[in-house]
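Student: This is the structure I want to talk about, given as structure tokens.
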Amino acid sequence: MKSEIINNLTPLLSIETSSGECGACVYFNNDKFYQKIIRHKNIHAEKIFETIDSVLNSAQLKPADLKVVAISNGPGSFTGLRIGMSAAKGIAYGSSIPIIPVPTFEALALQIVKILPDNSIFAVANKVNIDEVYFAKFQIKANNYIFAENLRIMTYNDFLISSKNVLTFGNAYRNKESYSNYKPDIFAPEPVYVAEWAVVYGKENVLKDIDYIEPNYLKNFTIKVR
């Protein structure tokens, strides 16, 4: 896959389907963007293009007016990531524009930076399955984030140890009421932060050869046979 630096990335379309939410955003800058999010499980295939059309219409743009598509690239739901990537590729191919894959947890960290004070340490933890968790820990430095612990998959028991006494965002905890430092309502980035990440950090990862771009599943997909 070839990458190049493009200085002017806007207007940009961002897509977020890594979780139960389905969202899109047409982004010009932090003060001018058009975003729509549908918070309902298992509706990505049904609603993704309707959502994209809605934000394009709000921005009074056509797909051909876009400079790039930014796609939340995982980790996350296998099905959701594939649907989002397919939509991104279809639009990019039809409009002859590149794609920027955006790491989902880093876009979410960028969003959380806006709501926590400097030097805060926080974790993001989302379910892989009943026994495993996607986990990363971040620290806020000068209105930015750095990794305190790199993104990885860990067992649920190891996650409980790593997240002890740490403000944790995500859907990983089974018994939500037992943890006062748990924030289950923020588990995926809003599309505007997928867009902002692409503009701020993604200029060196603008991909024109889009055929072989794949989501970052972090874990191989396996079918269980009973």
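The values are calculated or read from the model by the stated rules, or taken from the named source; none is laboratory data. The model shown is predicted, which means the values in this text are computed figures rather than measured ones. We place every Cβ from the backbone using ideal geometry, glycine too, and count neighbours over all the protein chains shown. Areas reflect the complete protein model, heavy atoms only, side chains present, ligands, DNA and RNA absent. Shrake-Rupley method; radii C 1.70, N 1.55, O 1.52, S 1.80 Å.
Student: Can you give me the number of residues within the range 126-172 that are open to solvent by 60 Å² or more (accessible area, probe 1.4 Å) and in contact with a Lys or Arg (Cβ under 8 Å, 6 or more places away or on another chain)?
Tutor: 1
Student: Among the polar types (S, T, N, Q), part of a loop (DSSP other than H, G, I, E, B) and open to solvent by 60 Å² or more (accessible area, probe 1.4 Å): does that describe Asn42?
Tutor: Values: among the polar types (S, T, N, Q): yes; part of a loop (DSSP other than H, G, I, E, B): yes; open to solvent by 60 Å² or more (accessible area, probe 1.4 Å): yes.
Yes; evaluated as a whole, the condition is true for this residue.
Student: Starting from the range 209-226, take each residue that is farther than 14 Å from Leu81 by Cα and of a type in the set (D, E, K, R) and list its partners that are part of a loop (DSSP other than H, G, I, E, B) and modelled with pLDDT under 75, counting only C-beta distances under 8 angstrom and pairs at least six apart or across chains.
Tutor: Asp209/Met1; Asp209/Lys2
Student: Could you list, in sequence order, the residues of the range 52-77 that are over 15 Å from Ile15 (Cα atoms) and either within 13 Å of the chain's Cα centre (by Cα) or assigned to a loop (DSSP other than H, G, I, E, B) (or both)?
Tutor: Residues satisfying the conditions are Gln60, Leu61, Lys62.
Student: OK, next. List the strands (runs of 3 or more DSSP E) inside the range 96-209, counting only whole elements, that have at least 2 residues being among the aromatic types (Phe, Trp, Tyr).
Tutor: 132-141, 144-155
Student: Separate question: I need the full set of residues from the range 75-100 which are touching a helix residue (DSSP H, G or I) at 6+ places or on another chain (Cβ under 7 Å) and more than 18 Å from Ile43 (Cβ to Cβ), in order please.
Tutor: Within the range 75-100, Pro75, Ile91, Gly94, Ser95, Pro98, Ile99, Ile100 qualify.
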